[in-house]
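Chemist: First the structure, which I've put down as structure tokens, then a few questions once you've had a look.
The values are calculated or read from the model by the stated rules, or taken from the named source; none is laboratory data. A quick note: this is a predicted structure, and the numbers were derived from the prediction, not measured. Cβ: placed from backbone, ideal geometry, glycine included. Neighbour counts: every protein chain shown. When the accessible area is computed, the model is the full protein with side chains, heavy atoms only, and any ligands, DNA or RNA have been set aside. Shrake-Rupley method; radii C 1.70, N 1.55, O 1.52, S 1.80 Å.
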Amino acid sequence: MEITESIVNNLSDPSVISVCRTLLHQPKPNDGRIYCPKVFDQVTCWNYTLANATAVGGCPLSHPQGLIFSPQAHSFRQCQSDGRWFFNPYTNMTWTNYITCVDMKEFENLHVINYLYESGYLVSFVLLCLAFIIFTCFRQLHCTRVTIHKNLFLSYILYGMTWLLFRHLVPLEVAMESPMWCVFLWIVKEYFYLCNYAWLFVEGFYLHSIIVLTFTNQKKLLLISLCIGWVLPILPISIYAILNAETRNPVGRLNCWTGDVKGNKLLWIIQGTCIASLCVNFIILLNVMRIIVVKIRAVNCGETTQLKKTLRACLILVPLLGVQKVLFPYRQNHIVYRAIVTIVDSYQGACVALLLCYCNREVIKCFKKKISQLKYMNDGRRSSLLTIGTSISGFLRRGSRQVNLTNRRASMSRDRKTSEHVTDNVTQTHREAGQLLLSKGEKRESHKGESESLLLLGGESQPLTTFAGARRESIRSSDSNKTRCNLPIISEV
């Protein structure tokens, strides 16, 4: 990019401004040799450079990675033999080597800081989501105070989520181009950042209202809190977005609007709102602690107990109101200071979730009650299952007995029918055999009677008077015959 007056006027780094102003009116050498033109590479200005030569420049802090640059290092830019600056084949743009500017020790420190930020926001995200679900599921916890806590948790969740998205979706190459979606993501991230401070202020405002004011309308107080927490931050972020888009100074629009924090004066619109919230919360904390100390002293207890209660109240209120950030008002380059600030910022959501939810007596009581209910329900289900099992086994036993009795009765009836059938067959056989014997005996008697009658015709005639008498006579004669000749008669039958 050619160096122009407008570019120089929009610069913020004093060292870069001095270099660019010097080169702005620098004439091109006319010694007949090939030179690369003077350019501005979005960071600093470069003078005319002879072909097949390397230009040496400084390491300006206005670079997107300027925080890890060493002031004693140098950057390089290669001029090719045809009088054109070196083109990066990956970006298809002229390229300046700022890699040599990186301070490796500072790079490692920045890597540690980023790791602390990511781990803190991830841990806070998980704990806050679980705490939000707990406050939502238990109906016993539904009240105005818990609703405000839930909105505070939600502001932490949304800001941590957008911070992580911006961190991983916007690398250096994308930040240099500043696409529209990247700028929109940054604006959304800063809006949730303001919402987080607004809900910290709402916590202090609500706490001061219920302690100082005797009668408060909870619904009206909740409506005011919702407007302060979600609607009010729209005003400062909108003012900043409009002014930053219309200003002539492009510092705030560089690198997806992250820009140069030190050179962008418009960022005070956002930072000033957060500082005002912290100052008001600090005053509220002092007033609430004064009231708590007075109430504790009104109760007859020892000094040690009073001190413990006061410290406990302070321990809960400080992270709840975000007052701990007042202890770190300035940015320092020392790694220990930066690590402490990073932990305080990123783990604040996790600390608030622990104090307001996981260590809350009401929440613990609800959990114990729920566990006892589940245990009672499991015992009831177990006893009902045992009762059902006993009933089923008794029913099966009675059923088996009934089946056995039915089978026994059926077998007895079959045996009875079989015996009756056999008896009928035997009786029928005996009856047929008797009738056969009787018929044969009658035949013999008739033959014998005929013979006797023939004999009597020749001798004395003694006729039988009746049929019975004839029958008895035939039986006697048969008995006498059996007596005389036993086996042949039976064999004949």
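Chemist: Name every residue in region 287-304 that is β-branched (Val, Ile, Thr) and either modelled with pLDDT of 70 or more or not in a helix (DSSP H, G or I) (or both), in order of residue number.
Modeler: 288, 291, 292, 293, 294, 296, 299
Chemist: If you take the residues in region 19-55 that are among the hydrophobic types (A, V, I, L, M, F, W, C) and in contact with a helix residue (DSSP H, G or I) (Cβ under 7 Å, 6 or more places away or on another chain), which one is surrounded by the fewest Cβ atoms within 10 Å (Cβ to Cβ)? Spell out how you get there, then give the answer.
Modeler: Taking region 19-55 and keeping what is among the hydrophobic types (A, V, I, L, M, F, W, C), we get 19-20, 23-24, 34, 36, 39-40, 43, 45-46, 50-51, 53, 55.
Checking the rest, the ones that are also in contact with a helix residue (DSSP H, G or I) (Cβ under 7 Å, 6 or more places away or on another chain) come to 20, 24, 40, 45.
Working: 20: 22, 24: 15, 40: 19, 45: 24.
Looking at residues that are among the hydrophobic types (A, V, I, L, M, F, W, C) and in contact with a helix residue (DSSP H, G or I) (Cβ under 7 Å, 6 or more places away or on another chain), I get 24.
Chemist: I'd like to know if region 363-382 contains one or more residues that are loosely packed, with under 15 Cβ neighbours inside 10 Å, modelled with pLDDT under 65, acidic (Asp, Glu) and over 21 Å from residue 120 (Cβ atoms).
Modeler: Checked region 363-382: no residue is loosely packed, with under 15 Cβ neighbours inside 10 Å, modelled with pLDDT under 65, acidic (Asp, Glu) and over 21 Å from residue 120 (Cβ atoms).
Chemist: Do any helices (runs of 4 or more DSSP H) lying entirely in region 80-177 carry at least 3 residues that are free of Cβ contacts under 8 Å to residues at least 12 places away in the same chain and either open to solvent by 60 Å² or more (accessible area, probe 1.4 Å) or touching a Leu at 6+ places or on another chain (Cβ under 9 Å) (or both), and which ones are they? Walk me through it before giving the result.
Modeler: Numbers: elements: 104-137, 144-169, 172-177.
Of the helices (runs of 4 or more DSSP H) lying wholly inside region 80-177, those with at least 3 residues that are free of Cβ contacts under 8 Å to residues at least 12 places away in the same chain and either open to solvent by 60 Å² or more (accessible area, probe 1.4 Å) or touching a Leu at 6+ places or on another chain (Cβ under 9 Å) (or both) span 104-137.
Chemist: Continuing with the same structure: Condition test on residue 254, is it over 17 Å from residue 201 (Cβ atoms) and at pLDDT 85 or above?
Modeler: So residue 254 does not fit the description; no.
Chemist: Can you tell me which residue among 60, 71 is open to solvent by less than 30 Å² (accessible area, probe 1.4 Å) and within 28 Å of residue 112 (Cα to Cα)? I'd like the intermediate steps shown before the answer.
Modeler: Details: 71 fails: open to solvent by less than 30 Å² (accessible area, probe 1.4 Å).
One residue alone meets the criteria, 60.
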